[in-house]
1. Taking only region 435-453 into account, find how many residues are under 19 Å from Arg479 (Cα atoms) and of a type outside the set (S, T, N, Q).
2. Could you list, ordered by first residue, the pairs with Cβ atoms under 7 Å in which the first is in region 80-94 and touching a residue at least 24 places away in the same chain (Cβ under 8 Å) and the second is part of a helix (DSSP H, G or I) and open to solvent by 60 Å² or more (accessible area, probe 1.4 Å), at least 6 apart or interchain?
3. Any idea which residue in region 169-201 is farthest from the chain's Cα centre (by Cα), counting only those that are open to solvent by 30 Å² or more (accessible area, probe 1.4 Å) and within 28 Å of Glu222 (Cα to Cα)?
4. Determine, yes or no, whether Tyr419 is under 25 Å from Tyr398 (Cα atoms) and surrounded by 13 or more Cβ atoms within 10 Å (Cβ to Cβ).
5. Considering only region 279-290, I want to know if a residue exists there that is at pLDDT 75 or above, assigned to a strand (DSSP E or B) and either touching a His at 6+ places or on another chain (Cβ under 8 Å) or not polar (S, T, N, Q) (or both).
6. Would it be correct to say that Ser37 is part of a helix (DSSP H, G or I), of a type in the set (S, T, N, Q) and either open to solvent by less than 60 Å² (accessible area, probe 1.4 Å) or under 17 Å from Ala156 (Cα atoms) (or both)?
7. Can you name every residue in region 409-427 that is within 16 Å of Thr535 (Cβ to Cβ) and either of a type in the set (A, V, I, L, M) or part of a strand (DSSP E or B) (or both)?
Amino acid sequence: MSTDKGLDRKLLRRIIGYLMPYKHWVILAFCLVLLASFLGPLRPWLIRLAIDQHIVSGELDGLSLLIYALIGAIVLEGILGYANAYFTQWIGQQAIYDVRVRVFRHVQRQSLSFFDRTPIGRLITRTTSDVEALADVLSAGIVVIMGDMFKLVFIAAFMFSLNWVLAIVTLCVMPFMLLVTMWFKRNVRGQYRETRKQVARLNSFMQEHVTGMLIVQLFGREKVEMERFEKINDAHQTAQLKTVFYHSLFWPAVDIIASTAIGFVLWTGGVSAIGGALTVGVLIAFIQYCRQFFEPIRNLSEQFNLLQGAMAGAERIFDVLDHDQSLTEVDKPKPPARFEGDITFDNVWFAYKNLDDGTPDWVLRGVSFHIGKGQNAAIVGATGSGKTTIISLLMRFYDIQKGQILIDGQDIRTFRLKYLRWRIGLVLQDVFLFSGSIYRNVSLENPAISLKQVQEAARAIGANQFIEQLPEQYHHDVRERGVSLSQGQKQLISFIRVLAHDPDIIVLDEATSSIDTETEHIIQAALERVLQGRTSLVVAHRLSTIRHADAILVLHKGILREQGTHDELVAAGGLYQTLYELQYQEQERFVEVS
């Protein structure tokens with residue numbers, strides 16, 4: 001129990017910390033709430049004076065002044081309520097904006113290993129609905145809670161100043177209220193956590209299956225996936241209904257306790273009024289105070305509900321923020337103007353994860369090679385041999401466990417990540433395009449890349465022909481993931497993107513394996529011009545595309561088995577020759593069948 005309280009305090013401090021940049025506005029809002037909290041309990045006091053001193057006695061002198069004071073208190077309370085609502089919402093939205101920016105900035109800084117282990121749907125939930133759970137608390141919750149607490153203090157002070165006996169009668173139900181609230185807190189907190197968990201599962205499932213809908217429909221898995229969705233949706237519904245169950249018991253219990261208190265006040269005050277020990281004005285004022293007293297308690301209960309949701313969301317948000325898997329960078333790097341393009345892997349060992357016994361599950365084992373300035377090198381090997389891993393390590397998407405990776409004799413860990421990746425152009429097999437124009441997808445909104453540069457890069461690749469036939473040419477909207485373009489066209493745009501950024505090193509990861517032969521010929525012809533004077537590293541399955549490479553690296557199970565030119569490796573009669581003959585025989589069989 002103490003652990004939960006400690007956790008609550010720690011979470012509250014972190015949540016309130018996002019309000020500190022706006023502390024002056026928070027103080028102003030707090031002052032407005034404090035004044036409004038006093039004006040509410042002032043009204044029954046004025047009504048009591050009007051009844052006892054003027055209406056009952058028939059003395060009308062001064063009654064109009066009390067009426068004006070009452071109207072003024074009501075009007076001022078309304079104005080303060082409006083101003084407070086605006087300020088608190090403004091403060092909360094500013095704080096929520098800061099939270100979203102911090103979470104998104106943190107996510108962008110993470111290494112790819114973070115995304116390998118974290119479902120995308122879960123991240124979406126963290127940055128949207130979990131952050132939104134904080135909105136109500138940051139917008140009004142903290143200030144309103146303080147205002148309601150002061151309102152309770154003011155009401156209690158007015159009640160005890162009028163009649164301490166009736167004040168005690170009103171407060172005698174508070175132990176029951178505390179018991180109900182503690183029961184509610186104990187149960188609903190865990191249920192909020194479960195609800196947030198089920199929302200994340202639902203978002204993950206939806207994101208994954210909308211993205212992979214082609215496979216679902218291709219293999220006729222709609223019914224099976226629908227059954228899986230119904231199970232996840234049912235779990236989410238069950239969690240929500242349990243939360244509703246606790247709320248449906250809590251609110252009637254609060255109303256019953258409040259009504260009981262009013263009944264006690266009517267009975268005790270009525271008897272006293274009949275006996276002449278209590279004035280009518282005091283009894284009427286107490287009935288109003290009794291109603292007012294439980295109003296902030298209801299509000300506090302509602303704010304408590306919001307706070308519980310915020311706590312559950314905050315736990316999940318801070319869990320992301322507290323687990324930093326970003327790559328370390330040097331404080332003051334001195335990047336060169338450009339890379340010369342000399343690449344060295346020196347005894348590189350790398351593992352994505354550890355085995356059950358804690359030892360690394362090595363993907364690369366002591367890989368060493370050198371690619372000179374301006375050379376065209378290729379990496380070949382069976383699936384899972386470590387080809388793409390070498391590229392990921394060169395781009396420093398992951399950090400190696402042993403060895404060194406050097407560019408121009410300098411360890412890549414001494415470069416800023418932004419600079420390293422800026423100077424290396426990477427073209428992948430699976431091209432990702434954002435919704436928006438071709439120009440936006442190429443420039444990525446970099447103001448240094450003009451439309452003219454994009455057009456020149458397209459002409460160098462030979463992609464200008466299909467782009468200029470589109471309705472809006474370079475301003476054509478490719479839509480989400482480039483669905484309005486063919487695979488070959490998307491691949492051409494990815495080449496334009498790389499060339500427009502003018503890299504020193506170009507890396508191709510099976511970039512031509514999923515396009516048609518005609519487009520491949522266009523790209524191969526363009527690459528001969530583009531790669532001139534640049535160092536390039538090509539991962540390829542089709543060995544026919546790399547026959548003229550300056551160096552070919554042959555990987556097998558994470559070990560560099562052979563390296564040399566095509567002719568040297570074929571003459572050596574090793575693993576490369578076996579791979580080459582297998583592909584040559586497959587091509588012959590394909591030609592015979594055709």
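1. Taking region 435-453 and keeping what is under 19 Å from Arg479 (Cα atoms), we get 435-445.
Applying the additional criterion that residues be of a type outside the set (S, T, N, Q) yields 436, 438-440, 442, 444-445.
Counting residues in region 435-453 that are under 19 Å from Arg479 (Cα atoms) and of a type outside the set (S, T, N, Q) gives 7.
2. Pairs that qualify, where the first residue is touching a residue at least 24 places away in the same chain (Cβ under 8 Å) and the partner is part of a helix (DSSP H, G or I) and open to solvent by 60 Å² or more (accessible area, probe 1.4 Å), are Leu80/Leu35; Phe87/Trp25; Phe87/Leu28; Ile91/Trp25.
3. Glu194
4. yes
5. no
6. Numbers: part of a helix (DSSP H, G or I): yes; of a type in the set (S, T, N, Q): yes; either open to solvent by less than 60 Å² (accessible area, probe 1.4 Å) or under 17 Å from Ala156 (Cα atoms) (or both): yes.
Yes, satisfied.
7. If the condition is that a residue be within 16 Å of Thr535 (Cβ to Cβ) and either of a type in the set (A, V, I, L, M) or part of a strand (DSSP E or B) (or both), then Gln410, Ile412, Leu420, Ile424, Gly425, Leu426, Val427 are the ones that fit.
The rows are residues; the columns are (1) in contact (Cβ under 8 Å) with a residue 12 or more places away in the chain; (2) out of contact with any strand residue (DSSP E or B) (no Cβ under 9 Å at 6 or more places or on another chain).
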{"position": "Asn376", "(1), (2)": "yes, no"}
{"position": "Ala382", "(1), (2)": "yes, no"}
{"position": "Thr388", "(1), (2)": "yes, no"}
{"position": "Leu406", "(1), (2)": "yes, no"}
{"position": "Lys418", "(1), (2)": "no, yes"}
{"position": "Arg423", "(1), (2)": "yes, no"}
{"position": "Ala448", "(1), (2)": "no, yes"}
{"position": "Ala458", "(1), (2)": "yes, yes"}
{"position": "Gln469", "(1), (2)": "no, yes"}
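The values are calculated or read from the model by the stated rules, or taken from the named source; none is laboratory data. Model, not experiment: these values are computed from the prediction. Quick reminder, even Gly has a Cβ in these numbers, built from the backbone with ideal geometry, and neighbours come from all protein chains shown. For accessibility, only protein heavy atoms count, side chains too; no ligands or nucleic acids. Shrake-Rupley method; radii C 1.70, N 1.55, O 1.52, S 1.80 Å.
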